[in-house]
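The values are calculated or read from the model by the stated rules, or taken from the named source; none is laboratory data. Values in this document were obtained by computation on a predicted structure and should not be read as measured data. Note that we place each Cβ from the backbone using ideal geometry, even for glycine, and neighbour counts take in every protein chain shown.
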Amino acid sequence: MTPAPLPPDPALARALSDARRQVHHAAQFAAAVGISYLPHEPDDSHTNLEWLPELAALASRVIPARAAFRLAVRPADLSLVLLDATGSAAASLPLDGHRIDEATAWIRTRVGERGADPVRYTLARHYEIPRHPVRDGAAFDTRDTASFDQLGRWLATGAAALESLRAATAGASHVRCWPHHFDIALLIDAGDGRTVGVGLEPGDAYYDEPYLYVNMYPQPPASALTPTLRAGGTWHTHEWIGAALAGSHLPAGGAQRAAIDDFLASAVASARAIVGAAR
């Protein structure tokens, strides 16, 4: 059994912006494997990534080749890991000190060794992500090791909480990381085309820190929100409607996971009630 992830430190949640953007760019190497070698799906599921708790990494889907493989990115030490069909590491590259073009060349060599056409590997994508100097030729820089470790803990904690929610919830999708917004999330089928989305976002333009969220489709008016959120969660109403719990508001240590589960349970129940009432 994989041990429970170490809880992140809420006091450091607002100091992860640079590490987050570097890991977001690094995750595109893995997403590009799906873009390059898999049939393109309308929902972009060919690009999504799976959190592998035993490796503490985000991994692409399996790519069929002479020797099947996956490409993963491990946030805690910002490294690329090429996995074989069994999930064992076949090769790795720490990204510190390397530029995007150097990492791309390494990937093309490795996938060529597995029997995939290296020329097909491309970082071209149909979406934009937040800018960082690595995009313009700067090298990845992991000297702030604590921030990368913390980001890995947030992703691991979020994935574990979502997996528990998925196992206990009928109609819940698999837990996946979507490389566009870089959130780890699942979707709950609430019937009649209505859904409840649940996830952990490592940070974005709305909250410059990791946060948990629950949203709804169709999006309700703010007037439909009910004050039943627990564990410090609040309703977010700027540009999107849903429940949010900023990482800096969570307790530290052993009480943290219970608070996350309590927030998610209350937010999902409220969201279900709201979309159900709108039928």
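When the range 237-260 is filtered for residues that are part of a loop (DSSP other than H, G, I, E, B) and surrounded by fewer than 16 Cβ atoms within 10 Å (Cβ to Cβ), the ones remaining, listed by number, are Thr237, His238, Glu239, Trp240, Pro251, Ala252. Confirm whether Tyr206 is aromatic (Phe, Trp, Tyr), surrounded by fewer than 22 Cβ atoms within 10 Å (Cβ to Cβ) and at pLDDT 95 or above. Considered against the rule, which asks whether it is aromatic (Phe, Trp, Tyr), surrounded by fewer than 22 Cβ atoms within 10 Å (Cβ to Cβ) and at pLDDT 95 or above, Tyr206 comes out as yes.
Under the condition of being part of a loop (DSSP other than H, G, I, E, B) and surrounded by fewer than 21 Cβ atoms within 10 Å (Cβ to Cβ), the residues counted in the range 143-178 number 7. What do you reckon, is Ile107 in a loop (DSSP other than H, G, I, E, B), under 21 Å from Glu50 (Cα atoms) and of a type in the set (A, V, I, L, M)? Criteria not met by Ile107.
Within the range 161-171, one or more residues are in contact with a Pro (Cβ under 9 Å, 6 or more places away or on another chain) and over 22 Å from Gly34 (Cα atoms). Among the residues of the range 37-83, the one identified as touching a residue at least 40 places away in the same chain (Cβ under 8 Å), among the basic types (Lys, Arg) and not in a strand (DSSP E or B) is Arg66. Selection of the range 206-236 for residues being farther than 24 Å from Ala156 by Cα, aliphatic (A, V, I, L, M) and in a loop (DSSP other than H, G, I, E, B) yields only Leu225.
Matching residues to (1) surrounded by 17 or more Cβ atoms within 10 Å (Cβ to Cβ); (2) closer than 20 Å to Cys177 by Cα:
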site	(1), (2)
Asp18	no, yes
Val33	yes, yes
Leu49	yes, yes
Ala56	yes, yes
Ala68	no, no
Arg74	yes, yes
Arg99	no, no
Ala105	no, no
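The set of residues in the range 176-202 being more than 9 Å from the chain's Cα centre (by Cα) and within 19 Å of Trp235 (Cβ to Cβ) consists of Ile188, Ala190, Arg194, Thr195, Val196, Gly197, Val198.
For Glu102, the conditions (1) part of a helix (DSSP H, G or I); (2) under 18 Å from Thr47 (Cα atoms); (3) of a type outside the set (Phe, Trp, Tyr) all hold with the exception of (2). Here is the figure for the range 250-264: residues that are in contact (Cβ under 8 Å) with a residue 60 or more places away in the chain and more than 20 Å from the chain's Cα centre (by Cα) total 4. Can you confirm whether Thr86 is surrounded by fewer than 16 Cβ atoms within 10 Å (Cβ to Cβ), over 19 Å from the mean Cα position of the chain (by Cα) and outside any helix (DSSP H, G or I)? So Thr86 passes the test.
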